[in-house]
Amino acid sequence: PARRPAGSSDRLPRGRHGLPREAVADSQRVRILAAMIEVVAAQGYTDTRVVDVIGIAGVSRKTFYELFDSKEDCFLAAYDILLGRVLEKAETGFGVQPGAPWPVRLEAGLRAVLGHLAAHPEEARFALVEVLAAGPKALARRDAALRQFTGFIETGRSESTIDLPGSTAQTIAGGVSELLYSEVLHGAAARLPARLPELVFLIVLPFLGPERAAAERDRARVA
C-alpha cells in the first residue's frame, strides 16, 4: 500500500458529510499527493498520468486541477513534503548532541536520514531518482537540497587543520548523493543503513585524516 504523507486521513465518505469545504480540500490534497508518490515510484515520472493519480486518490480530474496546476505542480508539492522530512531528520540527528565533535553529529544525522529512506523506499525513489526526470524546477529544488547537505559537511572544516579546496564539501555531497541514487535506483534502499560506516569514513577523511576517519567508521559500526 502507498505510504501517505503526514497528516493523511481516511478517505471521506461520498455525499453529505458535514465537513467544512477547507477540510474536504485538505483531505483531497493529501490523498492526491500520496497517490502521486505511489504512482511515480512505481511507473516513473515520465509515464505517470494524471488519470493514474486521480484513480488511486479517488478524486475527479476537476478536483485535481482545482488543487494543482499540472502534474509537475503536484510532483513539486509532494517533493517539497518529502524533502522537508529528510532535512528534518538530518537536522534533528545533527543537533541531538550540540556540544559533540563534528563526526559524532555527522554520524547521527546520516544515521537518521539513511534509516528514514530505508523505511520509505517509495519516497526514496520519488525524491532521489524520479526527481531527475521531473524538469528544471524539480532539479532546482534538488540542487538547493544538495547545498543544504553540503552545509552539514562543511561544518567539518572548523575542526580540520588541513588546507582543503573550497569545493571539498560540495564534492563529497555529490558523491554521497550519487551513492544513494544508485542504491535506490536498483531497489536496494533497505541497504542504505549498512552504508553508514563507509559514508562516515569518506566524509571525515579529507577533513580529519585517515586515522580519525577509520576510528569514526569503527564507532559507527558498533553504535
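None of the figures in this text is laboratory data; all of them are computed from the coordinates on show. The structure displayed is predicted, hence computed values, not measured ones. All Cβ positions, glycine included, derive from the backbone under ideal geometry; neighbour counts span all protein chains shown.
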Residue list for region 68-103, filter: more than 14 Å from the chain's Cα centre (by Cα), crowded, with 18+ Cβ neighbours inside 10 Å and in a helix (DSSP H, G or I): K71, C74, G93, F94, W102, P103
With the requirement that a residue be surrounded by 20 or more Cβ atoms within 10 Å (Cβ to Cβ) and not charged (D, E, K, R), what does region 110-128 give you? L110, V113, L114, H116, L117, A124, F126, A127, L128
Check off (1) surrounded by 13 or more Cβ atoms within 10 Å (Cβ to Cβ); (2) out of contact with any His (no Cβ under 9 Å at 6 or more places or on another chain); (3) under 22 Å from A42 (Cβ atoms) for A173 and give me the number that stays unchecked. (3)
What pairs come out if I take residues in region 23-42 that are within 20 Å of V131 (Cβ to Cβ) and pair them with residues that are polar (S, T, N, Q) and buried (at least 18 other Cβ atoms within 10 Å of the Cβ) whose C-beta lies under 7 Å away, six or more apart or interchain? V39/T48; V40/T48
Report yes if V204 is within 20 Å of R125 (Cβ to Cβ), in contact (Cβ under 8 Å) with a residue 12 or more places away in the chain and in a helix (DSSP H, G or I), otherwise no. no
Flag for L106 being crowded, with 23+ Cβ neighbours inside 10 Å, closer than 18 Å to V176 by Cβ, among the hydrophobic types (A, V, I, L, M, F, W, C) and under 13 Å from the mean Cα position of the chain (by Cα): no
So T161, is it among the β-branched types (V, I, T), in a helix (DSSP H, G or I) and either over 20 Å from K89 (Cα atoms) or in contact (Cβ under 8 Å) with a residue 12 or more places away in the chain (or both): no
Being out of contact with any Leu (no Cβ under 9 Å at 6 or more places or on another chain), more than 12 Å from E72 (Cα to Cα) and in contact (Cβ under 8 Å) with a residue 24 or more places away in the chain is the filter here, so list the residues in region 131-146 that pass it. L146
